[in-house]
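Let me begin by presenting the structure, written as C-alpha cells, before commenting on it.
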Amino acid sequence: MDHSQAPVLDALAAYHTENQTPFTPPGHKQGRGADPRVRAVLGDAVFRSDVLAISGLDDRTSSHGVLARAQELMADAVGAEHTFFSTCGSSLSVKAAMLSVAGPHEKLLVGRDAHKSVVSGLVLAGIVPVWVDPQWDAERHLAHPPTAEAFRAAFAEHPDARGALVTTPTPYGTCSDLPAIAETCHRHGVPLVVDEAWGAHLPFHPDLPTWAMDAGADVCVTSVHKMGSGLEQGSVFHLQGDLVRPEVLKNREDLLGTTSPSVLLYAALDGWRRQMVQHGRALYDGALDLASSVRARIAGIDGLHVHGRDDFCGPGRAADLDPLQVIVDITGLGTTGYRIADWIREHHRINLHLSDHRRTSAQLTHADDEHTADALVAALRDAAGHAAELRPAPEVEVPDPAGLRLEQVLLPRDAFFGRTEQVPCEKAAGRVSAEMLTPYPPGIPAVLPGERLTTEVLDYLRSGVDAGMVVPDAVDTEVRTVRVSLED
C-alpha cells in the first residue's frame, strides 16, 4: 500500500482548499464563534480543523471512504488484518474488545494487574472475571505480568472461559511472554485480548519487545497518544484471525463510542502511521540510544538506581522490558517517589510519569532529545542533592502478595450497581467494596467492586494517601470512608 498517503489529512486539506461553509456542528463554525480568549490559547488551527467526519471531511454517505482507507493503511503498517480508530482512548477500545469476547455472566480470564478501564468493562458487561495473579517481586514490591503457566492453570480450572485478557507492557515497561499465552488460549479455541496501551511504538523497531499481533494475539488495543504521536484519547484496536469477527468488534465499538468523533484525533492517528512507516526505524534508533545514555547518567547519581533487565526480567519476573520506560528506585534517598516527583515539578517544572512509594519514572519517546534528557538528569541530580529536605517521608504499609489479594464475593457489576452505604475506613474491613480504589498512576485498582475489604489493604491505601498517593476514583479520595455493599 502507498504509505505516503494520509487520507484523513488529505481530506482535511481539501476541505480547507474548497473553502466549504458548514451549517452543521461544531457550533463554533471553524472558530468564528469561539471566544477570542480561547483562540488565543488554543490557536486558530485547532478550530479550523475541528470539522464533522461525515458531511464535512467526507460526504453524507462516506462515499470517499476516507476513514476506511486510513484504517486499512494503519492495519497494513503493523501487519494486522483489521484496524479500527477510537477517539475515546483505549479505555473505550479495551471495553469493546472485552464485549466482543464475553457477554453477561460469561467468564473471562483477566490478569489482576489490569487497568481500571478493564474493570469498568466488567461492570458494564456483567462479565465474570477469573483473576490470574501477576508475579510478585517481594524484594522490590512490584508486580510483573502473569505467566503463561498461570493462564494454563486458570483454563484448567475454568475450561468454559470465553477468552483471556493480559496487560503488556505494564506502565513499568515489563512484558508478558505473549507467544506462550496466545498459544495457551488458542489451544482452548478462544481469543487473547492484549491491552497494549503502552506499546504503540513496538511494531516499528526490532530492538523493542515483540508486539501483540506478531506474538499471535487476536485483538490488540493501543494508545497512540501514550507512546506515539497521537493526540490525547487517540487509540486504535487491531484484529487478526477468525476467533473474533470484525463486524462484532466494530458493533461493540459502535455501542460504546461517540457518534461525534474528533477529526483532529483521526488526523493525528493517520499522520503518525505515515511517520512511523517512513521514519520509525530511524526515530527509534535515536530514542533507544538516548534512553541508554539517560539510564547510565541517572545511575551515576548517588542514591538512585535505574531498573534494567537484570532487575525486572528472568525466572519469576517479566519476559521482556521496554527500555524507554526509565524506572528509578529512590529508596537510597530515604524518601518516596511521590515527594521526589512533587519537588521536581515545583523546582524544575518537569512532570515525571509514574511515582509510587519507592520509585519515580520518566517516559521517553521518539520526541525526546538531548535537551529534554539533560533537563531530566539535572532535575534528578538536584532532587538527590536536596533529599534531606524530603525526609522523613511517611511510610506506606505495603502488604505482601497474599495481603493484597482480596476475595471476590460479588460480580463487579452487582456490587457497583447494588445498594450501597458509606462507612468509616476503620469499620470497612470485612465489608464488600462497591467501588474501585485505584492508586493513580498507574491506574491498577487495589480494590475492585465485589471484593471483600481487609485491614491490610485499607491500611495500605490510607498510609499511601498520607504519603502522597492519589486515589481519584474513590467517592472519598482521602479514603477515610469507603463505599460498600449494603448488607441485608
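The values are calculated or read from the model by the stated rules, or taken from the named source; none is laboratory data. Predicted model, so just to flag it, every value in this text is computed and none were measured. Don't worry about glycine lacking a Cβ; one is built from the backbone with ideal geometry, like all the others, and counts go over all protein chains shown. In case anyone asks, the SASA skips ligands and DNA or RNA and just uses the protein heavy atoms, side chains included. Shrake-Rupley method; radii C 1.70, N 1.55, O 1.52, S 1.80 Å.
A few remarks follow.
- Per the listing GLN275, GLN240, the residue uniquely in contact with a Ser or Thr (Cβ under 8 Å, 6 or more places away or on another chain) and not charged (D, E, K, R) is GLN275.
- Enumeration of residues in region 65-94 that are of a type in the set (D, E, K, R) and part of a helix (DSSP H, G or I): ARG69, GLU72, ASP76
- Filter result for VAL118 (in contact with a Leu (Cβ under 8 Å, 6 or more places away or on another chain) and not in a strand (DSSP E or B)): yes
- Filter pass, GLY163 being surrounded by 21 or more Cβ atoms within 10 Å (Cβ to Cβ), at pLDDT 95 or above and farther than 30 Å from SER355 by Cα: yes
- Qualifying positions in region 18-41 - out of contact with any helix residue (DSSP H, G or I) (no Cβ under 8 Å at 6 or more places or on another chain), assigned to a helix (DSSP H, G or I) and either open to solvent by less than 80 Å² (accessible area, probe 1.4 Å) or at pLDDT 95 or above (or both): PRO36, ARG37, VAL38, ALA40, VAL41
- So PHE47, is it open to solvent by less than 30 Å² (accessible area, probe 1.4 Å), over 30 Å from LEU165 (Cβ atoms) and outside any loop (DSSP other than H, G, I, E, B): yes
- If you go through region 321-350 and pick out every residue that is in contact (Cβ under 8 Å) with a residue 60 or more places away in the chain and among the hydroxyl-bearing types (Ser, Thr, Tyr), you end up with 2.
- Residue match in region 221-231 (condition: under 30 Å from ARG187 (Cβ atoms), among the β-branched types (Val, Ile, Thr) and crowded, with 21+ Cβ neighbours inside 10 Å): yes
- Scope region 127-160; condition open to solvent by 30 Å² or more (accessible area, probe 1.4 Å) and among the acidic types (Asp, Glu); matching residues: ASP133, GLU139, GLU149, GLU157, ASP160
The rows are residues; the columns are (1) in contact (Cβ under 8 Å) with a residue 40 or more places away in the chain; (2) closer than 19 Å to TYR338 by Cβ.
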site	(1), (2)
HIS386	yes, yes
GLN408	yes, no
THR420	yes, no
GLU426	no, no
GLY450	yes, no
SER463	yes, yes
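- Pick from region 97-111, criterion open to solvent by 30 Å² or more (accessible area, probe 1.4 Å) and in a loop (DSSP other than H, G, I, E, B), ranking: farthest from GLU407 (Cα to Cα): PRO104
- Criterion: touching a strand residue (DSSP E or B) at 6+ places or on another chain (Cβ under 6 Å) and assigned to a loop (DSSP other than H, G, I, E, B) - qualifying residue of VAL471, VAL479, VAL396, VAL423: VAL471
- Residue in region 423-433 that is closer than 25 Å to TYR172 by Cα and surrounded by fewer than 21 Cβ atoms within 10 Å (Cβ to Cβ) present: no
- Restricted to region 330-362, and to residues there that are among the acidic types (Asp, Glu) and closer than 19 Å to ALA375 by Cα, the residue that is least open to solvent (accessible area, probe 1.4 Å) is ASP342.
- Residue in region 60-80 that is at pLDDT 95 or above, hydrophobic (A, V, I, L, M, F, W, C), in contact with a Ser or Thr (Cβ under 7 Å, 6 or more places away or on another chain) and surrounded by 12 or more Cβ atoms within 10 Å (Cβ to Cβ) present: yes
- Every residue from region 260-281 that is at pLDDT 95 or above and of a type in the set (Gly, Ala, Ser): ALA267, ALA268, GLY271, GLY280
- Scan of region 462-488 for residues that are touching a helix residue (DSSP H, G or I) at 6+ places or on another chain (Cβ under 8 Å) and open to solvent by less than 20 Å² (accessible area, probe 1.4 Å), ordered by number: ALA467, MET469, VAL471, VAL479, VAL482, SER485
- Any hit, region 249-259, residues being in contact with a Cys (Cβ under 9 Å, 6 or more places away or on another chain), open to solvent by 30 Å² or more (accessible area, probe 1.4 Å) and at pLDDT below 95: yes
- Residue list for region 260-298, filter: open to solvent by less than 60 Å² (accessible area, probe 1.4 Å) and either more than 25 Å from the chain's Cα centre (by Cα) or over 30 Å from SER62 (Cβ atoms) (or both): LEU283, TYR284, GLY286, ALA287, LEU288, LEU290, ALA291, SER293, VAL294, ARG295, ILE298
- Comparison of GLY430, GLY443 shows that the only residue that is outside any helix (DSSP H, G or I), touching a His at 6+ places or on another chain (Cβ under 6 Å) and not β-branched (Val, Ile, Thr) is GLY443.
- Of ALA296, ALA287, all but one fail to be without any contact (Cβ under 8 Å) to a residue 24 or more places away in the chain, of a type in the set (A, V, I, L, M, F, W, C) and over 20 Å from ALA138 (Cα atoms); the exception is ALA296.
- Qualifying residue in region 46-58 (condition: on the phi < 0 side of the Ramachandran plot and free of Cβ contacts under 8 Å to residues at least 24 places away in the same chain): yes
- Among (1) assigned to a loop (DSSP other than H, G, I, E, B); (2) farther than 27 Å from VAL118 by Cα; (3) open to solvent by 30 Å² or more (accessible area, probe 1.4 Å), the one test that GLY241 misses: (2)
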